[in-house]
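Scroll down for the structure; my scribbles are underneath it.
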C-alpha cells in the first residue's frame with residue numbers, strides 16, 4: 001500500500017497521522033482507526049493460527065487527539081479452546097478506549113442442516129463503478145450496491161481498506177475487517193436527514209476470516225429511542241457471509257444552522 005498509514009511506530013508508541021482524522025472533530029481520530037489499532041495489537045500479541053478471532057468488542061468513551069498512543073494488553077484466559085485478551089488504548093497518557101477479543105480454536109462443523117439467510121446475490125465490487133465522493137475523501141474504497149446516504153432505506157455496499165493501520169505492517173484478514181467494522185454505525189444509522197448518531201462501541205462477530213480485500217455490508221437492524229440507537233449489519237466477502245457487526249450510538253448534537261442572510 002502506498003497511501004499514508006494511520007499510525008507510525010515510535011518505540012513502544014504509535015504516532016497518529018492526518019489520515020486517521022475523524023468526521024466529528026478535526027482534532028480527533030476516527031473510531032475505525034482506534035478499532036483497527038486495538039485489533040492489530042491484540043492479534044499480534046495474542047493471536048494464534050489455530051484460533052479464530054471470533055469476537056472483538058471495543059468501547060470508545062473519549063475522542064482521542066493526535067498525541068502519541070500506547071496500547072497495553074493482557075491475557076485474561078489462555079485455555080485450550082477459548083482464549084480471551086484485553087487491550088487499552090491510551091492517548092497522551094489518558095485511557096480513551098478498551099477492547100476484548102475472544103479467540104476460539106478451529107474445528108469441524110457438526111453434521112446436520114441449520115437455517116441460514118438466503119445467499120447474498122449482489123454484483124461483485126469489480127462490477128460496480130467507483131464513487132470518488134465516498135469513503136471520506138479516500139480514507140477507504142467503496143462500491144455502493146443499493147441505498148445511500150440521505151435515503152431512509154436498507155443499504156448494501158462493498159468497502160475495502162486502502163492503507164495500513166501501522167506503517168510497515170501489511171493488513172491481515174482480521175485487521176482488514178476490524179478496521180472496517182466501525183462502518184456499521186453510519187450504514188445502520190444514517191437517514192434522510194443525515195447521520196445524527198455517534199457510536200460509542202462496536203462488536204464484531206466472525207465465523208471465518210475474509211478471503212480477500214473487499215468487505216460487504218448489509219444493514220439488518222436500526223432502532224432508536226431517547227437518543228440511544230442500536231444498529232447491526234451482516235458482513236460478507238466475495239465467497240459469502242463471514243459474520244455480523246453491531247454497535248450502540250448516542251444522538252450527536254449539531255451546531256445550529258447560521259441565521260438567514262439579510263440582503
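Since every read-out is calculated from the coordinates, none of them should be taken as a lab result. As the structure is a computational prediction, the values presented were derived from the model and not from experiment. With ideal geometry, Cβ positions are generated from the backbone for all residues, glycine too; neighbour counts draw on all protein chains shown.
At 25 °C and 0.890 mPa s, what whole-number value in µm²/s does Stokes-Einstein give for the translational diffusion of the stretch 114-218, with Rh from the Kirkwood sum over Cα pairs? Could the numbers behind the result be given before it?
Values: Rh = 15.0 Å.
D = 163 µm²/s.
Tell me the Rg and the Dmax, in Å, that the Cα atoms of the stretch 202-247 produce.
When restricted to the Cα atoms of the stretch 202-247, Rg and Dmax are 12.1, 40 Å.
(i) 41; (ii) 45; (iii) 55: which one is percent of Cα pairs over 25 Å apart as calculated from this entry?
Structure-derived value, by its label: (ii).
If you count, for each residue, the other Cβ atoms within 10 Å and average over each peptide, how do 239-250, 156-167, 83-94 line up from highest to lowest? Write out the running numbers ahead of the final one.
On the way: 239-250: 19.1, 156-167: 20.8, 83-94: 17.6.
Per-residue Cβ counts within 10 Å, averaged per peptide and sorted highest first, yield 156-167, 239-250, 83-94.
For the chain, what relative contact order do you get, as a whole percent, if you take Cα pairs closer than 8 Å and at least 6 residues apart? Could the numbers behind the result be given before it?
Numbers: 587 pairs, mean separation 48.0, N = 263.
Here the relative contact order equals 18 percent.
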